[in-house]
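J.: Before I ask anything, here is the structure I am working with.
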Amino acid sequence: MNRRTLLTVLCAATWASAADLPSAESLLDRFVEATGGKQAYAGHQTEVARGTVEMAAMGIKGTLVRYAAEPDHYLVVMEIPGIGRVLSGVKDGVAWELTDLMGARVKSGVERAEALREARFNSYAVWRDLYLKVETTGEEAVDGEDCYKVVMTPAEGSAETVYLSKATGLGVKLTLTASTQMGDLPAEMRFGDYKRFGGVLMPTRLTERSAGQEIVFVLESVEVNAAIPATQFDLPPEVTAARN
Amino acid sequence: MPRLWILLAAAALLRAQSGADLAAFDQVWTTIRDTHWQKDAPGGLDWNAMRAEYRPRVEAAKSTAEARAAMQEMLRRLGQTHFGIVGGYSPSDEGGGSGTTGIDLRVLNNEVVVTAVDPGSPAERAGVRTGWAVRAVNGRALTIPTLPELQLTRAMLARVSGPVGGTLHIAFDKAELDIELAAARGTLAEFGNLPPTRVWYEERRLGGTAYVRFNVFLDILRLIPSFDRTLKACKPCDGLIIDLRGNPGGIGGMAMGMAGFLVNKPNQRLGTMYTRDAALNFVINPRPPVFEGPVAVLLDGTSASTAEIFAGGLQDLGRARIFGTRSAAAALPSILTTLPNGDGFQYAVAGYVSQGGKALEGEGVAPDEEVLRTRQGLLAGQDAVLDAALDWIRKR
């Protein structure tokens, strides 16, 4: 049997079983329900999450604060010893980044589109607004947990594959190719330690693997509907200068 | 106190350490299997065969030093820089940890010659001058082994260092002096698992030209603002000279971050790093106000890694002219981590190709103008490489 024949057989097998799989829409809706339901998400207008970021292999650990507000205001501030500030944000459709190491820049193209999706407040609850097409493509165990694989294709950027637990409906893993300034970067994220904040279950541990590195983000607290000054999301002067 | 416990429990430790050495080997072997950018054959080697050959040697080793030597041998067979075991490494150790006289030196025409004397250093106070040749240290003649310039210079510098507070009796050809050993100049900087390292930044004006020199690409929060201030103060000035001779590299991202002060066009690249999964471009973000004047970079065979990435990329972009001699050709992005037996393990995670298509590893950065320092020039207080760069800037 040559490789093409084998591939055809495997695809056929996948196709045959895919017909029996639950629809991607139902799985994503189940995820929203499992994490608290639309009403719980609707109760969130702002979030301030605090935690840590760690690259254990390199002995690097810092802090992070993520500010988010409706409809799409977003700011992440990381302070990492030896590296300094790493800021990224979105406001009024402008996606930007500012670091002590590399300076300021404004994102464009696919990278900007990905940043805008990430900035969309309560993005899980509004997945229909963010993805043109969703499809259940198979089943796979992740660390012994049986999951459905759902491929989500946005209008701009590459498709993302989310692994949703059959038992709980929660997201366990996400694979994607991230568009970065340095190039397209295949990445895998694992979600764990779900905790409830303001009625919504959120993963408080996110392990990202890409380019042979592992970064662990841990959320220690999430303050829901905290008062965030409108100016918090303003573009820093360096970003404004880079934009001009 | 932990050392005392080690003495008392020596027998138990031997067994435990053997296990730790084996665990260290497994971590080293697995890391390279899982991260080396040449996925099928790291360094062209059958990696499973390497495990079969070296694991039994580590298992049978009678000491950590013996186990370490076996692992070092395996890593050397990769034939690539930035792979190595650092014995007895602890992240809390101060880098170098030893005292220095404050002299820099190179082997020129088979002589160990003083090429620089740190301002305020014991060597300066003792009256050491550039151009002097070192003949012996503490009565032992200085023999010159056959090594590439980077390793050779490090070996020679090691001979003129020792514990802080000690004294060396150095026989120069011009004088015999007792010189005390002091802490290296600069400020201690920390970055992850790297040992704390002293970082210094030096700037001065040479007529209408700004000159900067720094010993390593570390300490982002001090070095990058210092570079920014130098350039902002350089208005008006004829040009900029960046002296990277003796600079062994450091944080790769700093090459992009510092180039941002010199390149005004967005999306320019210094080069591309090739990991197993991705090709990552070293993109420069312009950092206004960008310095627009001519830039000269000084290199020699001890300029390595990030220094080569920075210089080679700017050369390829036509933004800098390189003076001196070919760089060390040791430019692989790497990580330093700790092993279960307490050793440090440095491993490269990617290949790197400069914007012009050169693989800096093994090739290095060739100067646009090759200029050799001579002992006679140094004795006369001249630096032929610096003079050539100044001359080029003046002519522009």
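The values are calculated or read from the model by the stated rules, or taken from the named source; none is laboratory data. This one's a predicted model, so the numbers in the text were calculated from it and none came from an experiment. Methodologically, a virtual Cβ is constructed for each residue, glycine included, from the backbone with ideal geometry; neighbour enumeration extends over all protein chains shown.
J.: Inside the stretch B:155-181, can you point out the residues that are surrounded by 17 or more Cβ atoms within 10 Å (Cβ to Cβ), among the β-branched types (Val, Ile, Thr) and not in a strand (DSSP E or B)?
T.: Answer for the stretch B:155-181, where residues must be surrounded by 17 or more Cβ atoms within 10 Å (Cβ to Cβ), among the β-branched types (Val, Ile, Thr) and not in a strand (DSSP E or B): just B:VAL160.
J.: If you scan the stretch B:263-301, which residues turn out to be closer than 30 Å to B:ARG106 by Cα and aliphatic (A, V, I, L, M)?
T.: Answer for the stretch B:263-301, where residues must be closer than 30 Å to B:ARG106 by Cα and aliphatic (A, V, I, L, M): B:LEU270, B:VAL295, B:ALA296, B:VAL297, B:LEU298, B:LEU299.
J.: Taking A:GLY89, is it at pLDDT below 95 and closer than 25 Å to B:LEU221 by Cα?
T.: Here the answer is no, as A:GLY89 does not meet what is asked.
J.: Could I ask something else about it? Do you know which residues across the stretch A:64-94 are more than 22 Å from A:ALA125 (Cβ to Cβ), touching a Ser or Thr at 6+ places or on another chain (Cβ under 6 Å) and among the β-branched types (Val, Ile, Thr)?
T.: Hit for the stretch A:64-94 is A:VAL86, nothing else.
J.: Would you point out which residue out of A:GLU188, A:GLU238, A:GLU223 is within 15 Å of the chain's Cα centre (by Cα) and of a type in the set (Asp, Glu)?
T.: Going through A:GLU188, A:GLU238, A:GLU223 in turn, the sole match is A:GLU188.
J.: Condition test on B:VAL283, is it part of a strand (DSSP E or B), closer than 30 Å to A:ARG209 by Cβ and either more than 14 Å from chain A (Cβ to nearest Cβ) or β-branched (Val, Ile, Thr) (or both)?
T.: Against the criterion (part of a strand (DSSP E or B), closer than 30 Å to A:ARG209 by Cβ and either more than 14 Å from chain A (Cβ to nearest Cβ) or β-branched (Val, Ile, Thr) (or both)), B:VAL283 qualifies.
J.: The conditions are (1) within 14 Å of chain B (Cβ to nearest Cβ); (2) crowded, with 20+ Cβ neighbours inside 10 Å, and A:SER108 fails exactly one of them. Which is it?
T.: (2)
J.: Restricting to the stretch B:345-365, give me the number of residues that are more than 24 Å from B:TRP392 (Cα to Cα), assigned to a loop (DSSP other than H, G, I, E, B) and either under 16 Å from the mean Cα position of the chain (by Cα) or of a type in the set (Gly, Ala, Ser) (or both).
T.: Residues in the stretch B:345-365 being more than 24 Å from B:TRP392 (Cα to Cα), assigned to a loop (DSSP other than H, G, I, E, B) and either under 16 Å from the mean Cα position of the chain (by Cα) or of a type in the set (Gly, Ala, Ser) (or both): 2 in total.
J.: Where residues in the stretch B:315-344 are assigned to a strand (DSSP E or B) and surrounded by fewer than 24 Cβ atoms within 10 Å (Cβ to Cβ), which of them is farthest from the other protein chains (Cβ to nearest Cβ)?
T.: Residue satisfying both the conditions and the ranking: B:ARG321.
J.: Is there a residue in the stretch A:204-212 that is assigned to a strand (DSSP E or B), over 20 Å from A:GLU33 (Cβ atoms) and either modelled with pLDDT under 95 or in contact with a Cys (Cβ under 8 Å, 6 or more places away or on another chain) (or both)?
T.: yes
J.: In the stretch B:286-314, what count of residues is obtained for those that are within 14 Å of chain A (Cβ to nearest Cβ) and surrounded by fewer than 24 Cβ atoms within 10 Å (Cβ to Cβ)?
T.: Of the residues in that region, 5 qualify.
J.: Among the residues of the stretch A:218-225, is any part of a strand (DSSP E or B), among the aliphatic types (A, V, I, L, M), away from chain B (no Cβ under 14 Å) and out of contact with any Phe, Trp or Tyr (no Cβ under 7 Å at 6 or more places or on another chain)?
T.: Yes: the stretch A:218-225 contains one or more residues that are part of a strand (DSSP E or B), among the aliphatic types (A, V, I, L, M), away from chain B (no Cβ under 14 Å) and out of contact with any Phe, Trp or Tyr (no Cβ under 7 Å at 6 or more places or on another chain).
J.: Does the stretch B:259-274 contain any residue that is of a type outside the set (A, V, I, L, M), in the same structural domain as B:VAL365 (by TED's automatic domain parsing), in a helix (DSSP H, G or I) and within 30 Å of B:GLY207 (Cβ to Cβ)?
T.: From the stretch B:259-274, those of a type outside the set (A, V, I, L, M) are B:260-261, B:264-269, B:271-272, B:274; that's our starting set.
The next check asks that each one be in the same structural domain as B:VAL365 (by TED's automatic domain parsing); those that pass are B:260-261, B:264-269, B:271-272, B:274.
Next cut, in a helix (DSSP H, G or I) only: none.
No; the residues of the stretch B:259-274 include none that is of a type outside the set (A, V, I, L, M), in the same structural domain as B:VAL365 (by TED's automatic domain parsing), in a helix (DSSP H, G or I) and within 30 Å of B:GLY207 (Cβ to Cβ).
J.: Evaluate the stretch B:345-355: report whether one residue or more is farther than 29 Å from B:VAL128 by Cβ, surrounded by fewer than 20 Cβ atoms within 10 Å (Cβ to Cβ), more than 14 Å from chain A (Cβ to nearest Cβ) and in contact (Cβ under 8 Å) with a residue 12 or more places away in the chain.
T.: No, that holds for no residue.
J.: Given the criterion in contact with a helix residue (DSSP H, G or I) (Cβ under 7 Å, 6 or more places away or on another chain), of a type in the set (D, E, K, R) and either surrounded by fewer than 20 Cβ atoms within 10 Å (Cβ to Cβ) or farther than 16 Å from A:ALA119 by Cβ (or both), identify the matching residue among A:LYS38, A:LYS61.
T.: A:LYS38
J.: From the residues in the stretch B:181-221 that are away from chain A (no Cβ under 14 Å) and aromatic (Phe, Trp, Tyr), which one is nearest to B:ASP387 (Cα to Cα)?
T.: Here the answer is B:TYR211.
J.: Just the residues that are of a type in the set (D, E, K, R) and not in a strand (DSSP E or B), please, taken from the stretch A:30-52.
T.: Residues satisfying the conditions are A:ARG30, A:GLU33, A:LYS38.
J.: Could you please let me know if A:ALA178 is touching a residue at least 60 places away in the same chain (Cβ under 8 Å), within 14 Å of chain B (Cβ to nearest Cβ) and assigned to a strand (DSSP E or B)?
T.: Working: touching a residue at least 60 places away in the same chain (Cβ under 8 Å): yes; within 14 Å of chain B (Cβ to nearest Cβ): yes; assigned to a strand (DSSP E or B): yes.
Yes: the conditions hold for A:ALA178.
J.: Looking at (1) within 20 Å of the chain's Cα centre (by Cα); (2) away from chain A (no Cβ under 14 Å); (3) closer than 30 Å to A:LYS107 by Cα; (4) not β-branched (Val, Ile, Thr), which is the one condition that is false for B:ASN247?
T.: (3)
J.: Which one is farthest from A:THR35 (Cα to Cα), of the residues in the stretch A:132-174 that are in a strand (DSSP E or B), among the small types (Gly, Ala, Ser) and touching a residue at least 40 places away in the same chain (Cβ under 8 Å)?
T.: Only one residue fits best here, namely A:GLY138.
J.: Among (1) over 30 Å from B:ALA279 (Cβ atoms); (2) in contact (Cβ under 8 Å) with a residue 40 or more places away in the chain, which single condition is B:THR337 missing?
T.: Status for B:THR337: all satisfied but (1).
J.: Also, I was wondering about something else. Could you give every pair whose Cβ atoms fall below 6 Å, whose first residue belongs to the stretch B:213-231 and is part of a helix (DSSP H, G or I), and whose second residue is modelled with pLDDT of 95 or more and β-branched (Val, Ile, Thr), counting only separations of at least 6 or pairs across chains?
T.: Correct list of pairs: B:THR230/B:VAL212.
J.: While we're here: Please enumerate the residues belonging to the stretch B:268-280 that are basic (Lys, Arg) and either within 18 Å of A:THR99 (Cα to Cα) or more than 7 Å from every other protein chain (Cβ to nearest Cβ) (or both).
T.: Correct list: B:ARG269 only.
J.: While we're looking at this one, here's another question. Looking only at the stretch A:86-114, how many residues end up being outside any strand (DSSP E or B) and touching a residue at least 40 places away in the same chain (Cβ under 8 Å)? Before you say what the answer is, go through the steps one by one.
T.: Let us first name the residues in the stretch A:86-114 that are outside any strand (DSSP E or B), namely A:92-93, A:100-102, A:107-114.
Going one step further and asking which of them are touching a residue at least 40 places away in the same chain (Cβ under 8 Å), we end up with A:107, A:109-111, A:113-114.
So the count comes out to 6.
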